[in-house]
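> For reference, the structure I am asking about is given below.
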Amino acid sequence: MNTKPFASGLSENAVMITRVADRQWHALDDDLVVGRGHAQHRPDGRLFVSIDAWHDAAFDRLAEAMLAELPAPLYTVVDEADVELTAGWRRAGFTIRRREWEYDVPTDPRVTGLEAVLPPSGVTIVPAGQADESLLRAVDRAIRDEVEATVGWQSMPAEVIPRPEGDTIVDPSKYAVAATPDRYLGLIRVVTVIRPRIGLVAVRADERRRGIARALLAHALGTLHHYGFAEAWTEVHESNRAASALFEGIGARPMSSNLELVR
(Lines give C-alpha, C1' and ligand atoms only; values in the text may rest on other atoms or scores of the structure.)
Protein backbone atom coordinates (compact mmCIF):
# COMPACT_ATOMS: atom_id res chain seq x y z
CA MET A 1 0.00 0.00 0.00
CA ASN A 2 1.38 3.40 -0.99
CA THR A 3 0.32 6.50 0.96
CA LYS A 4 1.29 10.08 0.20
CA PRO A 5 0.10 13.05 2.30
CA PHE A 6 -0.54 16.47 0.84
CA ALA A 7 -2.23 19.68 1.89
CA SER A 8 -5.43 20.13 -0.04
CA GLY A 9 -7.44 22.82 1.65
CA LEU A 10 -10.39 20.41 1.84
CA SER A 11 -10.10 20.30 5.64
CA GLU A 12 -7.70 21.17 8.40
CA ASN A 13 -6.24 17.69 8.16
CA ALA A 14 -3.91 16.35 5.51
CA VAL A 15 -5.52 14.44 2.64
CA MET A 16 -3.94 11.10 1.90
CA ILE A 17 -3.60 9.45 -1.50
CA THR A 18 -3.62 5.72 -0.85
CA ARG A 19 -3.13 2.88 -3.27
CA VAL A 20 -5.69 0.41 -1.95
CA ALA A 21 -5.15 -2.37 -4.49
CA ASP A 22 -3.40 -3.06 -7.75
CA ARG A 23 -4.13 -0.02 -9.97
CA GLN A 24 -6.68 1.40 -7.49
CA TRP A 25 -6.25 4.57 -5.45
CA HIS A 26 -8.34 6.49 -2.88
CA ALA A 27 -8.14 10.12 -1.79
CA LEU A 28 -8.90 10.32 1.96
CA ASP A 29 -9.79 13.51 3.79
CA ASP A 30 -9.91 12.84 7.54
CA ASP A 31 -10.73 9.16 6.79
CA LEU A 32 -13.50 10.18 4.38
CA VAL A 33 -13.08 8.95 0.81
CA VAL A 34 -13.29 12.06 -1.39
CA GLY A 35 -11.99 10.51 -4.59
CA ARG A 36 -11.24 7.21 -6.32
CA GLY A 37 -8.87 6.40 -9.14
CA HIS A 38 -8.69 3.24 -11.20
CA ALA A 39 -6.62 1.90 -14.09
CA GLN A 40 -7.51 -1.05 -16.29
CA HIS A 41 -6.22 -2.62 -19.48
CA ARG A 42 -8.78 -2.64 -22.28
CA PRO A 43 -9.04 -5.74 -24.45
CA ASP A 44 -6.83 -4.10 -27.10
CA GLY A 45 -4.01 -3.84 -24.55
CA ARG A 46 -4.22 -0.10 -23.90
CA LEU A 47 -4.27 1.15 -20.30
CA PHE A 48 -7.29 3.33 -19.42
CA VAL A 49 -7.60 5.42 -16.26
CA SER A 50 -10.60 6.90 -14.51
CA ILE A 51 -11.04 9.24 -11.54
CA ASP A 52 -14.18 10.07 -9.58
CA ALA A 53 -13.45 12.93 -7.17
CA TRP A 54 -15.50 15.40 -5.17
CA HIS A 55 -13.06 18.30 -5.61
CA ASP A 56 -10.57 19.49 -8.21
CA ALA A 57 -7.76 19.26 -5.63
CA ALA A 58 -8.51 15.59 -4.94
CA PHE A 59 -8.74 14.89 -8.68
CA ASP A 60 -5.42 16.58 -9.39
CA ARG A 61 -3.60 14.76 -6.58
CA LEU A 62 -5.06 11.41 -7.59
CA ALA A 63 -4.00 12.05 -11.17
CA GLU A 64 -0.51 13.05 -10.00
CA ALA A 65 -0.11 9.87 -7.95
CA MET A 66 -1.48 7.60 -10.66
CA LEU A 67 0.58 9.10 -13.47
CA ALA A 68 3.72 8.75 -11.38
CA GLU A 69 3.20 5.00 -11.08
CA LEU A 70 1.58 4.00 -14.37
CA PRO A 71 3.39 3.51 -17.69
CA ALA A 72 2.64 5.75 -20.66
CA PRO A 73 0.73 6.00 -22.86
CA LEU A 74 -2.44 6.32 -20.77
CA TYR A 75 -5.98 6.80 -22.06
CA THR A 76 -9.31 7.88 -20.65
CA VAL A 77 -12.85 8.39 -21.99
CA VAL A 78 -15.13 11.24 -20.91
CA ASP A 79 -18.57 12.51 -21.83
CA GLU A 80 -17.84 15.65 -23.83
CA ALA A 81 -20.65 17.41 -21.96
CA ASP A 82 -18.75 16.90 -18.68
CA VAL A 83 -16.65 20.04 -18.98
CA GLU A 84 -15.17 19.81 -15.48
CA LEU A 85 -13.95 16.25 -15.90
CA THR A 86 -12.48 17.01 -19.31
CA ALA A 87 -10.70 20.04 -17.84
CA GLY A 88 -9.27 17.89 -15.05
CA TRP A 89 -7.70 15.44 -17.45
CA ARG A 90 -6.35 18.27 -19.59
CA ARG A 91 -4.71 19.77 -16.49
CA ALA A 92 -3.05 16.37 -16.07
CA GLY A 93 -1.56 16.63 -19.56
CA PHE A 94 -4.09 14.62 -21.58
CA THR A 95 -5.04 15.67 -25.10
CA ILE A 96 -7.99 14.73 -27.31
CA ARG A 97 -7.27 11.68 -29.46
CA ARG A 98 -10.71 10.98 -30.91
CA ARG A 99 -14.39 11.88 -30.68
CA GLU A 100 -17.15 9.29 -30.83
CA TRP A 101 -20.86 10.01 -31.30
CA GLU A 102 -23.52 7.97 -29.56
CA TYR A 103 -26.63 7.42 -31.66
CA ASP A 104 -30.14 6.39 -30.69
CA VAL A 105 -31.29 3.99 -33.40
CA PRO A 106 -35.02 3.34 -34.01
CA THR A 107 -36.05 -0.26 -34.61
CA ASP A 108 -39.49 0.20 -36.22
CA PRO A 109 -39.14 -0.67 -39.95
CA ARG A 110 -41.72 2.02 -40.75
CA VAL A 111 -39.33 4.57 -39.22
CA THR A 112 -36.04 3.16 -40.46
CA GLY A 113 -37.30 2.56 -44.00
CA LEU A 114 -35.76 -0.91 -43.89
CA GLU A 115 -39.01 -2.86 -44.10
CA ALA A 116 -38.49 -3.95 -47.71
CA VAL A 117 -34.69 -4.21 -47.60
CA LEU A 118 -33.36 -7.62 -48.65
CA PRO A 119 -29.78 -8.88 -49.02
CA PRO A 120 -28.27 -9.01 -52.53
CA SER A 121 -28.95 -11.95 -54.78
CA GLY A 122 -27.16 -15.07 -53.57
CA VAL A 123 -26.71 -13.71 -50.03
CA THR A 124 -28.72 -14.82 -47.02
CA ILE A 125 -28.87 -13.50 -43.46
CA VAL A 126 -28.10 -16.12 -40.81
CA PRO A 127 -29.76 -15.08 -37.51
CA ALA A 128 -27.84 -14.65 -34.29
CA GLY A 129 -27.05 -17.94 -32.63
CA GLN A 130 -27.16 -19.93 -35.87
CA ALA A 131 -23.83 -18.97 -37.48
CA ASP A 132 -21.13 -21.54 -38.16
CA GLU A 133 -18.39 -20.63 -35.68
CA SER A 134 -15.46 -21.39 -37.96
CA LEU A 135 -16.87 -19.25 -40.79
CA LEU A 136 -17.80 -16.53 -38.30
CA ARG A 137 -14.27 -16.38 -36.94
CA ALA A 138 -12.88 -16.37 -40.46
CA VAL A 139 -14.90 -13.34 -41.57
CA ASP A 140 -14.18 -11.53 -38.30
CA ARG A 141 -10.45 -12.10 -38.73
CA ALA A 142 -10.51 -11.06 -42.39
CA ILE A 143 -12.37 -7.81 -41.66
CA ARG A 144 -10.09 -6.97 -38.74
CA ASP A 145 -7.01 -7.54 -40.88
CA GLU A 146 -8.45 -5.25 -43.56
CA VAL A 147 -9.21 -2.51 -41.03
CA GLU A 148 -5.82 -2.88 -39.34
CA ALA A 149 -4.09 -2.51 -42.72
CA THR A 150 -5.86 0.80 -43.37
CA VAL A 151 -7.20 3.04 -40.60
CA GLY A 152 -6.23 0.68 -37.74
CA TRP A 153 -8.59 -1.20 -35.47
CA GLN A 154 -8.15 1.36 -32.67
CA SER A 155 -10.21 3.75 -34.78
CA MET A 156 -13.18 1.42 -34.38
CA PRO A 157 -15.57 1.69 -31.44
CA ALA A 158 -15.93 -2.06 -30.91
CA GLU A 159 -14.32 -3.55 -27.82
CA VAL A 160 -13.43 -7.22 -27.95
CA ILE A 161 -11.69 -9.61 -25.59
CA PRO A 162 -8.76 -11.30 -27.31
CA ARG A 163 -8.04 -14.95 -26.63
CA PRO A 164 -4.49 -16.33 -26.48
CA GLU A 165 -4.81 -17.74 -29.98
CA GLY A 166 -5.99 -14.37 -31.32
CA ASP A 167 -9.67 -15.26 -31.40
CA THR A 168 -11.83 -12.16 -31.00
CA ILE A 169 -15.27 -13.79 -31.04
CA VAL A 170 -16.28 -13.96 -27.38
CA ASP A 171 -19.91 -15.02 -27.73
CA PRO A 172 -20.89 -16.32 -31.19
CA SER A 173 -24.58 -16.19 -30.24
CA LYS A 174 -24.50 -12.37 -30.45
CA TYR A 175 -23.65 -12.30 -34.18
CA ALA A 176 -25.88 -12.44 -37.23
CA VAL A 177 -24.06 -12.81 -40.55
CA ALA A 178 -24.49 -12.28 -44.28
CA ALA A 179 -23.64 -15.56 -45.97
CA THR A 180 -23.03 -17.23 -49.29
CA PRO A 181 -22.78 -21.04 -49.49
CA ASP A 182 -19.01 -21.08 -48.96
CA ARG A 183 -18.18 -18.06 -46.79
CA TYR A 184 -19.52 -15.17 -44.73
CA LEU A 185 -19.42 -11.66 -46.18
CA GLY A 186 -20.31 -9.51 -43.19
CA LEU A 187 -21.52 -9.54 -39.61
CA ILE A 188 -23.45 -7.56 -37.02
CA ARG A 189 -23.12 -7.90 -33.25
CA VAL A 190 -25.97 -6.89 -30.93
CA VAL A 191 -25.72 -7.17 -27.16
CA THR A 192 -28.76 -6.55 -24.98
CA VAL A 193 -28.30 -5.72 -21.30
CA ILE A 194 -30.67 -2.90 -20.41
CA ARG A 195 -31.12 -1.65 -23.95
CA PRO A 196 -29.66 -3.17 -27.10
CA ARG A 197 -26.24 -1.99 -28.27
CA ILE A 198 -25.08 -2.46 -31.84
CA GLY A 199 -21.41 -3.10 -31.16
CA LEU A 200 -20.25 -3.78 -34.69
CA VAL A 201 -21.47 -3.78 -38.28
CA ALA A 202 -18.81 -4.77 -40.78
CA VAL A 203 -18.51 -6.15 -44.31
CA ARG A 204 -15.54 -7.56 -46.20
CA ALA A 205 -13.83 -4.87 -48.30
CA ASP A 206 -14.51 -6.63 -51.61
CA GLU A 207 -18.24 -6.98 -50.82
CA ARG A 208 -19.03 -3.40 -49.83
CA ARG A 209 -21.47 -1.09 -51.63
CA ARG A 210 -23.86 -3.97 -52.31
CA GLY A 211 -26.33 -3.18 -49.53
CA ILE A 212 -25.10 -5.93 -47.20
CA ALA A 213 -24.69 -3.62 -44.18
CA ARG A 214 -28.23 -2.27 -44.65
CA ALA A 215 -29.56 -5.83 -44.93
CA LEU A 216 -27.79 -6.79 -41.70
CA LEU A 217 -29.23 -3.73 -39.97
CA ALA A 218 -32.69 -4.46 -41.35
CA HIS A 219 -32.53 -7.97 -39.91
CA ALA A 220 -31.10 -6.99 -36.51
CA LEU A 221 -33.37 -3.99 -35.94
CA GLY A 222 -36.41 -5.88 -37.18
CA THR A 223 -35.66 -8.66 -34.70
CA LEU A 224 -35.30 -6.15 -31.84
CA HIS A 225 -38.58 -4.49 -32.84
CA HIS A 226 -40.29 -7.88 -32.85
CA TYR A 227 -39.15 -8.44 -29.26
CA GLY A 228 -40.49 -5.08 -28.11
CA PHE A 229 -37.41 -2.84 -28.19
CA ALA A 230 -38.24 0.59 -29.59
CA GLU A 231 -34.61 1.74 -29.82
CA ALA A 232 -31.05 0.50 -29.82
CA TRP A 233 -27.86 2.53 -29.56
CA THR A 234 -24.46 2.55 -31.15
CA GLU A 235 -21.23 4.53 -31.27
CA VAL A 236 -19.58 5.95 -34.39
CA HIS A 237 -16.15 7.58 -34.69
CA GLU A 238 -16.58 11.12 -36.01
CA SER A 239 -14.23 10.41 -38.93
CA ASN A 240 -16.24 7.38 -40.07
CA ARG A 241 -18.54 9.22 -42.45
CA ALA A 242 -19.80 6.05 -44.12
CA ALA A 243 -21.04 4.68 -40.78
CA SER A 244 -22.58 8.02 -39.83
CA ALA A 245 -24.39 8.17 -43.17
CA LEU A 246 -25.58 4.58 -42.79
CA PHE A 247 -27.16 5.20 -39.38
CA GLU A 248 -28.46 8.69 -40.08
CA GLY A 249 -30.03 7.34 -43.26
CA ILE A 250 -32.28 5.07 -41.17
CA GLY A 251 -33.31 7.82 -38.77
CA ALA A 252 -30.68 7.41 -36.05
CA ARG A 253 -30.08 10.55 -33.99
CA PRO A 254 -26.74 11.62 -32.47
CA MET A 255 -27.49 12.18 -28.77
CA SER A 256 -24.10 12.74 -27.14
CA SER A 257 -20.38 12.52 -27.80
CA ASN A 258 -17.50 10.93 -25.94
CA LEU A 259 -13.88 12.02 -26.05
CA GLU A 260 -10.97 9.64 -25.86
CA LEU A 261 -7.99 11.43 -24.32
CA VAL A 262 -4.37 10.30 -24.27
CA ARG A 263 -1.27 11.22 -22.34
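The values are calculated or read from the model by the stated rules, or taken from the named source; none is laboratory data. Because the structure is predicted, anything quoted here is derived from the model rather than measured. Note that each Cβ is placed from the backbone with ideal geometry, even for glycine, and that neighbours are counted across all protein chains shown. We work out accessible area using only protein heavy atoms, side chains counted, and drop any ligands, DNA or RNA first. Shrake-Rupley method; radii C 1.70, N 1.55, O 1.52, S 1.80 Å.
> Would the stretch 36-105 count as rounded, prolate or oblate if I go by the C-alpha gyration tensor, calling it rounded below 1.5 in a/c and otherwise prolate when a/b exceeds b/c, oblate otherwise? Intermediate results must be reported in sequence, preceding the final value.
Values: a/c = 1.91, a/b = 1.22, b/c = 1.57.
Oblate, since a/c reaches 1.5 and b/c is not below a/b.
> Would you mind giving the average projected area, over all directions, of the Cα convex hull of the chain in nm² with one decimal?
16.0 nm²
> Something else: With each run of n ≥ 4 DSSP H residues scored as -39500 (n - 2.57), what mean residue ellipticity at 222 nm is computed for the chain after dividing by its residue count and rounding to the nearest 500 deg cm²/dmol?
The per-residue figure over the chain is -7500 deg cm²/dmol.
> Something else about it: With every protein chain left in place, what is the accessible area per residue of the chain in square angstrom, probe 1.4 Å? Don't skip to the end; give the middle numbers.
Values: 13690 Å² over 263 residues.
With all protein chains present, the chain gives 52 Å² per residue.
> Once R0 is set to 51 Å, what does the formula 1/(1 + (r/R0)^6) return for the Cβ-Cβ distance between Asp22 and Leu118, expressed as a FRET efficiency to the nearest 0.05?
Numbers: r = 52 Å, r/R0 = 1.02.
Computed FRET efficiency for Asp22 and Leu118: 0.50.
> With a 1.4 Å probe and all protein chains left in place, how much of the accessible area of the chain comes from carbon and sulfur atoms, in whole percent? Can you show the working numbers first?
Values: 6980 of 13690 Å².
On the chain, the fraction of accessible area on carbon and sulfur atoms equals 51 percent.
> Moving on. Antiparallel DSSP bridges in the chain: what percent, to the nearest 5? Spell out each step's value before the answer.
On the way: 59 of 63 bridges.
Antiparallel: roughly 95 percent of the beta bridges in the chain.
> Applying 1/(1 + (r/R0)^6) with R0 = 35 Å to the Cβ-Cβ distance of Asp171 and Arg91, what FRET efficiency is obtained, to the nearest 0.05?
Values: r = 40 Å, r/R0 = 1.13.
Plugging the Cβ-Cβ distance into 1/(1 + (r/R0)^6) gives 0.35.
> Give a residue-ordered list of calculated ³J(HN,Hα) values for the stretch 253-258 (Karplus: 6.51 cos²θ - 1.76 cosθ + 1.60, θ = phi - 60°; whole Hz; x for Gly, Pro).
Taking θ as phi minus 60°, the curve returns 10, x, 10, 7, 9, 10 Hz for the stretch 253-258.
> Considering the dipole of the chain built from charges on the beta carbon (Lys and Arg +1, Asp and Glu -1) around the Cα centre, which of Phe48, His26, Val147 is farthest to its positive end?
Val147
> Could you tell me the calculated FRET efficiency between Thr192 and Asp145, based on Cβ-Cβ distance and R0 = 30 angstrom, to the nearest 0.05? Walk me through the numbers on the way to the answer.
On the way: r = 29 Å, r/R0 = 0.95.
Once rounded, the FRET efficiency stands at 0.55.
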